[in-house]
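Data block below; observations after.
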């Protein structure tokens, strides 16, 4: 039976204490990135549906309502939807959706409380009338 040196008894505990915060930060960062990616996909879907309604029906009020319905059904409030129609027959319509994405990990790290970053997506389509 080998005898352990007294100076290495707590080595694994010290290594664990050093690695754990980095591992947790990495894990939570991956979750935040996934949440941001999902939110951007919802913004893109709202933008696509709104521009389709504006291009086919020519009704920007209905397009704005549809985009806001999609965003509210996903729990996204405070997003801005901007619809631009050039007015020309067979011209283009554009919809831009912007949202200040709140970073939830920021509450756990000192000095980062209330941190947001802007997610934005834009879609354009040729009008059919």
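The values are calculated or read from the model by the stated rules, or taken from the named source; none is laboratory data. These numbers come from a predicted model, not from an experiment. Heads up, the Cβs are rebuilt from the backbone with ideal geometry, glycines too, and the neighbour counts pull from every protein chain shown.
Apart from one condition, residue 40 fits all of (1) modelled with pLDDT under 95; (2) touching a strand residue (DSSP E or B) at 6+ places or on another chain (Cβ under 7 Å); (3) more than 22 Å from residue 129 (Cα to Cα); the exception is (1). Which one of the conditions (1) free of Cβ contacts under 8 Å to residues at least 12 places away in the same chain; (2) over 19 Å from residue 127 (Cα atoms); (3) assigned to a loop (DSSP other than H, G, I, E, B) does residue 38 fail to meet, given that it meets all the rest? Result: residue 38 passes all but (3). Can we say residue 53 is part of a helix (DSSP H, G or I), out of contact with any strand residue (DSSP E or B) (no Cβ under 8 Å at 6 or more places or on another chain) and surrounded by 13 or more Cβ atoms within 10 Å (Cβ to Cβ)? So residue 53 passes the test. Mind telling me which of the residues 31, 46 ends up being part of a helix (DSSP H, G or I) and modelled with pLDDT of 95 or more? It is 46. Being more than 15 Å from residue 47 (Cβ to Cβ) and in a strand (DSSP E or B) is the filter; apply it to region 69-127 and report the residue that is modelled with the lowest pLDDT. Result: 116.
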